[in-house]
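The structure is given below, and queries will be raised subsequently.
The values are calculated or read from the model by the stated rules, or taken from the named source; none is laboratory data. Model, not experiment: these values are computed from the prediction. Here the Cβ is made from the backbone with ideal geometry for all residues, glycine too, and neighbour counts use every protein chain on show. SASA here: full protein model, heavy atoms, side chains in, ligands and nucleic acids out. Shrake-Rupley method; radii C 1.70, N 1.55, O 1.52, S 1.80 Å.
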Amino acid sequence: MDARHLPQGGRATSGARLNAISRRKGNWFATIIALLLENQTTQRIAPQNRVQGFSQVHQIDVAWPVRNIDPLICAETKVTGGPAYGSHEARGAMSDWTNRRKELKFSATDLKLYRRGMDTQIEHWDVWRDKQPPKMYFLWAARLRPSDDIRKMIEEVQQLVNTYLDGAGVFGWRESAHESSYEIVPVPVAARVSVLDDVLYRIATEIRTMAGPDNEPPAPIRPSARAGPDT
């Protein structure tokens, strides 16, 4: 990456510039995912959506329908890993994963609680989360260091799919042996964690099915009582 792609501002530290680059990388990934889903569904799919949950507003990377209440499909994205930069060592695929995992658990639950609000009776957790909208997906792209193992990513995401999410897709790449290019790291298929393309196809199929023959999404449902006001 040359200087033209670095954030401007003479007072910014190298760490601040690196953080800005990382944020931009994640934003581009969410935009690409939204465009791919638009192409597969002919529906409007916008990145970076503010969506009301049961207790607070959430910044959701991809949501359909595009509205600030009661979406039916939500997908959170993450891009991790990066080459060494200046005095900073290369970042690993699992960097900051603990915080992101907590965010995913909370947003998935809080958004599913929105419709029933204060009247929600969950009973058996797996039955409730399977039937309650929105469907929640996680799409994770990562640059792997030689010491990173994509099987660890799969293991971590599988635990989330088993307990909170409706599906997840993983895409990994690393430097080739001669260090002049990148190569894709194969993803072992594990239950409902799969390659990114397959999960995108699944999300697109869900959207087309929910849109129905008139290609219009169902109207939002507003709960009679919630923890806080709508946005």
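One line per residue, one yes/no per condition, for (1) within 21 Å of D166 (Cβ to Cβ); (2) open to solvent by 30 Å² or more (accessible area, probe 1.4 Å); (3) modelled with pLDDT of 90 or more:
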site	(1), (2), (3)
H5	no, yes, no
R11	no, yes, no
A20	no, no, no
L37	yes, no, yes
Q43	yes, no, yes
V57	no, yes, yes
I60	yes, no, yes
L72	yes, no, yes
G82	no, no, no
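Across the range 157-206, what is the number of residues that are touching a helix residue (DSSP H, G or I) at 6+ places or on another chain (Cβ under 7 Å) and buried (at least 16 other Cβ atoms within 10 Å of the Cβ)?
16
Mind checking whether some residue in the range 116-125 is over 30 Å from L144 (Cα atoms), modelled with pLDDT of 90 or more and loosely packed, with under 14 Cβ neighbours inside 10 Å?
Yes: one or more hits.
Go through the range 134-151 residue by residue and tally those that are under 30 Å from V66 (Cβ atoms) and open to solvent by 30 Å² or more (accessible area, probe 1.4 Å).
Of the residues in the range 134-151, 1 are under 30 Å from V66 (Cβ atoms) and open to solvent by 30 Å² or more (accessible area, probe 1.4 Å).
Kindly provide the set of residues from the range 42-74 that are among the small types (G, A, S) and more than 16 Å from D110 (Cβ to Cβ), ordered by number.
A46 - this is the single residue of the range 42-74 that is among the small types (G, A, S) and more than 16 Å from D110 (Cβ to Cβ).
Of all residues in the range 55-90, which are touching a Pro at 6+ places or on another chain (Cβ under 7 Å), in contact (Cβ under 8 Å) with a residue 60 or more places away in the chain and in a loop (DSSP other than H, G, I, E, B)?
P65, R67, I69, D70, P71, L72 - these are the residues of the range 55-90 that are touching a Pro at 6+ places or on another chain (Cβ under 7 Å), in contact (Cβ under 8 Å) with a residue 60 or more places away in the chain and in a loop (DSSP other than H, G, I, E, B).
To continue, here is another question. I'm told R116 meets every condition in (1) in contact with an Asp or Glu (Cβ under 8 Å, 6 or more places away or on another chain); (2) over 30 Å from A90 (Cβ atoms); (3) of a type in the set (K, R) except one. Can you identify the failing condition by its number?
(1)
Let me ask you something else. Before we move on, is I154 open to solvent by less than 20 Å² (accessible area, probe 1.4 Å), more than 17 Å from S107 (Cβ to Cβ) and out of contact with any helix residue (DSSP H, G or I) (no Cβ under 9 Å at 6 or more places or on another chain)?
yes
Taking K112 as the residue in question, decide whether it is among the basic types (K, R), touching a helix residue (DSSP H, G or I) at 6+ places or on another chain (Cβ under 7 Å) and within 26 Å of T31 (Cα to Cα).
It is true that K112 is among the basic types (K, R), touching a helix residue (DSSP H, G or I) at 6+ places or on another chain (Cβ under 7 Å) and within 26 Å of T31 (Cα to Cα).
Please work out which one of (1) within 21 Å of the chain's Cα centre (by Cα); (2) surrounded by fewer than 20 Cβ atoms within 10 Å (Cβ to Cβ); (3) of a type in the set (D, E, K, R) is the condition K112 fails and give its number.
(2)
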